[in-house]
Amino acid sequence: MLTSIAGKSVVVTGASRGIGKGIAEVFASRGGKVLVVARNLDQAEACAAGLRQAGGTALACAADVASRPDMDRMVQTAVERHGGLDILCANAGVFPQAKLDAMTEADWDQVFSTNVKGTFLAVQAAIPALKKSGAGRIVLTSSITGPVTGFPGWAHYGASKAAQLGFMRTACIELAKHGITINAVLPGNIKTEGLADLGPDYERSMAVSIPLKRLGTVEDIGHAALFLASKEAGYITGQTIIVDGGQILPESLEALNQA
Ligand code: NAP
């Protein structure tokens, strides 16, 4: 049982839906004071209201991770309204698909602006407040796509998710002297609202190649983030945890058929 989250100020970017919402729910249910961040204020506010209704402490903040002023304002909001900042979950990300022969520079820039520059700006803005925390924690949401696997249409996305890890490995060394850790969760296929809309047949077809025979839940990612943000994980930094039901391990579908 991890007991160190109660009363901590937590910022989760991209928390109005999907994995970020799951992370926010897990932290709020453990007593964290959560700032729900997304560009659309109504959707962020709806998520924060749900967390409050469930007994948690949560506020919404409209901010674009690709904007320096927005990231400064996000951190300032956490400090002013929640008394500081202890944990940053840099989760916001986009994954439009474009095959290489059709990919435009604008496609590439959009993905890198949110996923890579957005990670950098959120982390950099958070550093002064995390230093004051004395035991600051940063948890990035990367992906198996890019760092470990590939998928047609996601060359830019995969490159951005691998770039987050390159960023993390140097940030970890620079931040260690302030007692701040930075780690990453690498989700496999996670059942978010967008995927649920595609129906049970699509979901079943995706689950076939996963040893645990189901897609991940947003809570599965939230629990991994919770562990990395806990006091108990204080000696882990610059590392990755793959949360994918074993998806990356079978050499072929035949390996699963023979199990
Ligand atoms: P999602 O359902 O599309 O939700 C994305 C969230 O990020 C929303 O709250 C969105 O709200 C916010 N967002 C997008 N761009 C933003 C920006 N520039 N600034 C601030 N917030 C922004 O996505 P998801 O599937 O949960 O994915 C979340 C993260 O997990 C991403 O980093 C993704 O790469 C990673 N991931 C997902 C999966 C999966 O299976 N779903 C697998 C591996 C990794 P607004 O649009 O209002 O800003």
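How many residues are in a helix (DSSP H, G or I) and basic (Lys, Arg) when one looks only at the stretch 154-181?
Step one: of the stretch 154-181, the residues in a helix (DSSP H, G or I) are 155-176.
Cutting the leftovers down to basic (Lys, Arg) gives us 161, 169.
So the answer is 2.
Could you figure out which of (1) away from the ligand (no atom under 14 Å from the Cβ); (2) of a type outside the set (Val, Ile, Thr); (3) over 26 Å from MET168 (Cα atoms) isn't true of GLN124?
Against the list (1) away from the ligand (no atom under 14 Å from the Cβ); (2) of a type outside the set (Val, Ile, Thr); (3) over 26 Å from MET168 (Cα atoms), GLN124 comes up short only on (3).
Filter the stretch 98-119 down to residues that are assigned to a helix (DSSP H, G or I) and away from the ligand (no atom under 13 Å from the Cβ) and give me whichever is least open to solvent (accessible area, probe 1.4 Å).
Let us first name the residues in the stretch 98-119 that are assigned to a helix (DSSP H, G or I), namely 105-119.
With the extra rule that they be away from the ligand (no atom under 13 Å from the Cβ), the set shrinks to 105-108.
Working: GLU105: 152, ALA106: 68, ASP107: 46, TRP108: 97 Å².
Result: ASP107.
If you scan the stretch 198-224, which residues turn out to be more than 10 Å from the ligand (Cβ to nearest atom) and under 18 Å from THR240 (Cα atoms)? Break it down into steps so the answer makes sense when it comes.
Filtering the stretch 198-224 down to residues more than 10 Å from the ligand (Cβ to nearest atom) leaves 198-205, 207-214, 217, 219-220, 222-224.
Listed by number, the residues that qualify are GLU219, ASP220, GLY222, HIS223, ALA224.
I'd like the full set of residues that are among the charged types (D, E, K, R) and out of contact with any strand residue (DSSP E or B) (no Cβ under 9 Å at 6 or more places or on another chain), limited to the stretch 12-41.
Taking the stretch 12-41 first, the residues among the charged types (D, E, K, R) are 17, 21, 25, 30, 33, 39.
Result: ARG30, single match.
Of the residues that sit in the stretch 128-148 and are near the ligand (Cβ under 10 Å from one of its atoms) and of a type in the set (Ser, Thr, Tyr), which one is nearest to CYS89 (Cα to Cα)?
THR141
As an exercise: evaluate GLU80 against (1) of a type outside the set (A, V, I, L, M); (2) within 16 Å of the ligand (Cβ to nearest atom); (3) free of Cβ contacts under 8 Å to residues at least 24 places away in the same chain and give the number of the one condition it does not meet.
Of the numbered conditions (1) of a type outside the set (A, V, I, L, M); (2) within 16 Å of the ligand (Cβ to nearest atom); (3) free of Cβ contacts under 8 Å to residues at least 24 places away in the same chain, the odd one out for GLU80 is (2).
Does the stretch 244-253 include one or more residues that are of a type in the set (A, V, I, L, M, F, W, C), part of a helix (DSSP H, G or I) and touching a Ser or Thr at 6+ places or on another chain (Cβ under 7 Å)?
Yes, the stretch 244-253 contains a residue that is of a type in the set (A, V, I, L, M, F, W, C), part of a helix (DSSP H, G or I) and touching a Ser or Thr at 6+ places or on another chain (Cβ under 7 Å).
Conditions (1) open to solvent by 90 Å² or more (accessible area, probe 1.4 Å); (2) more than 22 Å from PHE120 (Cβ to Cβ), marked per residue:
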position: GLU174; (1), (2): yes, no
position: LEU186; (1), (2): no, no
position: ILE190; (1), (2): no, yes
position: ILE210; (1), (2): no, yes
position: THR217; (1), (2): no, yes
position: THR240; (1), (2): no, no
position: GLU251; (1), (2): yes, yes
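Considering only the stretch 15-27, I want to know if a residue exists there that is of a type in the set (Asp, Glu) and more than 16 Å from the chain's Cα centre (by Cα). First the steps, then the outcome.
Applying the first criterion (of a type in the set (Asp, Glu)) to the stretch 15-27 yields 25.
Those still in the list that are more than 16 Å from the chain's Cα centre (by Cα) too: none.
Taking every residue of the stretch 15-27 in turn, none turns out to be of a type in the set (Asp, Glu) and more than 16 Å from the chain's Cα centre (by Cα).
Only one of PHE167, PHE151 is open to solvent by 30 Å² or more (accessible area, probe 1.4 Å) and under 13 Å from PHE95 (Cβ atoms). Can you tell me which? It would help to see each step written out before you state the result.
Working: PHE167 fails: under 13 Å from PHE95 (Cβ atoms).
Every option except PHE151 fails the conditions.
Can you name the number of the only condition in (1) crowded, with 20+ Cβ neighbours inside 10 Å; (2) part of a helix (DSSP H, G or I); (3) within 13 Å of the ligand (Cβ to nearest atom) that LEU195 fails?
(1)
Just give me the residues in the stretch 19-64 being open to solvent by 10 Å² or more (accessible area, probe 1.4 Å) and within 6 Å of the ligand (Cβ to nearest atom), in sequence order.
ILE19, ALA38, ARG39, ASN40, GLN43, ASP64
Can you pull out every residue in the stretch 81-95 that is surrounded by fewer than 19 Cβ atoms within 10 Å (Cβ to Cβ) and over 21 Å from PHE167 (Cβ atoms)? It would help to see each step written out before you state the result.
Quick first cut of the stretch 81-95, residues surrounded by fewer than 19 Cβ atoms within 10 Å (Cβ to Cβ) only: 81, 83-84, 94-95.
Of everything in the stretch 81-95, those that are surrounded by fewer than 19 Cβ atoms within 10 Å (Cβ to Cβ) and over 21 Å from PHE167 (Cβ atoms) turn out to be ARG81, GLY83, GLY84.
The values are calculated or read from the model by the stated rules, or taken from the named source; none is laboratory data. Remember, it's a predicted structure, so these values are computed and weren't measured experimentally. Neighbour counts run over all protein chains shown; Cβ positions are idealised from the backbone, glycine included. All accessible areas refer to the heavy atoms of the entire protein, side chains included, with ligands and DNA or RNA removed. Shrake-Rupley method; radii C 1.70, N 1.55, O 1.52, S 1.80 Å.
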